[in-house]
Amino acid sequence: MKKIVILTGAGISAESGLGTFRDEGGLWAQHAIEDVATPEGFARDAQLVHDFYNARRANAAQAQPNAAHHALARLEAEHPGEVFIITQNVDALHERAGSRNVLHMHGQLDRALCGACGHRWDAPAVMRPEDACPACRVRATRPDVVWFGEIPYGMERIDPALSEADLFAAIGTSGQVFPAAAYGQHARRMGAHTVELNLEDSAASRDFDDCLRGKATEIVPLWVEGLLSRA
Ligand code: BV8
């Protein structure tokens with residue numbers, strides 16, 4: 001197993017206390033997607049969207065990486081080949097657990113973006129519609145996250161990684177958001193062995209050769225232990 005590519009979703013951060021999107025009482029149950037995770041929603045009510053992300057930014061800041069995040073950091077440190085994490089999550093728990101080769105394809109809560117000039121900077125704890133961009137001074141600041149209808153980040157790195165992967169794993173994702181939801185199918189078609197680690201079946205389970213079921217903090221460390229003992 002030279003190159004391991006891992007897609008993670010909200011399920012890997014659930015046991016760190018961060019809400020998932022589509023579970024009972026998840027984030028989308030409290031807010032309509034179109035109101036808080038689309039450019040149109042932001043244009044309609046920037047305060048509502050900033051409130052949504054300010055609350056998640058505060059939550060994420062005090063959350064701790066869990067055993068699943070730490071297991072993936074151990075895998076990167078000890079596996080002889082490359083380990084590349086593509087995360088849909090906007091929290092920084094992979095990095096805080098020690099992972100370094102991480103791509104946030106849906107952006108990051110800790111970063112801010114200017115809608116007018118494209119400048120990016122570290123987001124303050126609280127963002128407001130009246131904040132001016134530090135570079136161009138226009139009041140067009142937004143969270144640096146990828147909303148529905150926007151192009152995910154790092155596509156130029158993701159496609160080659162999926163083609164070169166010897167092993168592709170999806171952890172804690174419901175397989176309902178594209179293009180990430182198709183990565184298992186793509187990797188398998190390109191010759192990777194695919195494994196899904198999740199609490200329950202997902203919309204993409206049929207794309208995976210193996211399916212490990214259970215809580216991420218339990219099944220991910222066991223899976224990593226198995227990989228490293230076979231390396
Ligand atoms: C794009 C913003 C074009 C940041 C997010 C019709 C058909 C097909 C596609 C479309 C369509 N209409 C529109 C589209 C495209 C659209 C899309 O996929 N819509 C879906 C809803 C149908 N996609 C887009 O718009 C994307 N852009 O397509 O651009 C393009 C594409 C390629 C190239 C050129 C152009 C942009 C999508 C990004 C949207 N932004 N978030 C934020 O607020 O966080 S999406 C949001 O959902 C998050 O990013 C989240 O990461 C993502 C996916 O959710 P999951 O991570 O899977 O979380 P979820 O709650 O769903 O599932 C959790 C799972 O964990 C569950 O399975 C659960 O069982 C499990 N679990 C729970 N607890 C545990 C656990 N597992 C283990 N242990 C536990 N303890």
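Read-outs: derived from the displayed coordinates by stated rules, not from any lab. Since we're looking at a predicted model, the values are computed, not measured. Neighbour counts are summed over all protein chains in view; Cβ atoms, including those assigned to glycine, are modelled from backbone coordinates with ideal geometry.
Here are the numbers for the structure shown:
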item: Dipole of the range 1-51, positive end: most advanced residue of Gly9, Gly25, Pro39 [Cβ charges, Cα centre]; result: Gly9
item: Cα-based convex hull volume of the range 1-127 per residue, rounded to whole Å³; result: 117
item: Cβ-based charge dipole, the range 139-210, positive-most Cα from Pro179, Ser205, Met190; result: Pro179
item: Surface/4 of the Cα convex hull for the range 98-231, nm²; result: 10.1
item: Cysteines in the chain lacking a second Cys C-beta under 4.7 Å; result: Cys211
item: Contour excess over end-to-end distance, with Cα ends at His193 and Asp45 and 0.36 nm allotted per residue; result: 48.9 nm
item: Taking the chain and dividing mean pair separation by its residue count, relative contact order in percent (alpha carbons under 8 Å, at least six apart); result: 23
item: Bins of 10 Å from zero: percent of alpha-carbon pairs in the chain; result: 8, 33, 35, 18, 5, 0
item: Ranked list, fewest to most other Cβ atoms within 10 Å of each Cβ, for Phe208, Phe52; result: Phe52, Phe208
item: Ascending count of other beta-carbon atoms within 10 Å, so fewest first, for Arg120, Arg230, Arg111; result: Arg230, Arg120, Arg111
